Amino acid sequence: MNASFMNMVAKDIVVLLRVAMGWLFFYAGITKVLDPEWSAAGYLANAKTFSDFFAYLASPANIGWVNLANEWGLTLLGISLLLGLGVRVSSMLGAALMMLYYLPLLEFPRVGAHSYIVDDHIVYALVLIFFAAVRAGRMFGLDAKIKKSPRIL
């Protein structure tokens, strides 16, 4: 196989991965937005690491904006990845969000019941960082159409 063909296949795989991850995040977010009973309070209150910090986020004074940021952060990250719009920025913010999901579960070296140091949140964060690094939004995405700010997009 020649290098040009391999490059084309690699770009197609990045696009498919970006769209799949976009759907995953969009669905995770929109189901929270549409569920008036959903709250991150329980997840945060049971944090194993940095429990004081996460308890502060779960407090009645903060849980409203925390829930809003969580619901809409996931939803907008999903839309960004699906459309290939603002992928560098949204991917870096999404990677930070994944770390905020990871830390409450961490009881070093265990992460939850089924992981040892690395869990799905770490994998998602790495994929999002990869998207930012390769400018995945410029591969069959709207970022290719909007190159006004090359440092951001």
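We did not get these values from a lab; they are worked out from the coordinates using the rules stated. Keep in mind that what you see is a predicted model, and the values were worked out from it rather than measured. A quick note on method: Cβ atoms are made from the backbone with ideal geometry, for glycine too, and the neighbour counts reach across all protein chains shown.
Could you check the simple spin-label distance between A55 and V89, using points 7 Å along Cα→Cβ, in nm with one decimal?
Placing both labels 7 Å beyond Cα along the Cβ direction yields 3.7 nm.
May I ask you to compute the full-extension gain from D35 to K145, defined as 0.36 nm times their residue separation minus their alpha-carbon distance, rounded to one decimal in nm?
On the way: separation 110, 0.36 × 110 = 39.60 nm, distance 3.48 nm.
Length gained between D35 and K145: 36.1 nm.
Extent of the chain along each principal axis, from alpha carbon coordinates, in Å, largest to smallest?
54, 32, 27
State whether the range 73-139 is rounded, prolate or oblate according to the following rule on the C-alpha gyration tensor (a ≥ b ≥ c being the square roots of its eigenvalues): a/c under 1.5 gives rounded; otherwise a/b larger than b/c gives prolate, and the remaining case gives oblate.
prolate
Charges on Cβ only, +1 for Lys and Arg, -1 for Asp and Glu, centred on the Cα centroid of the range 18-153; of N62, A47, G78, which one is farthest towards the dipole's positive end?
G78
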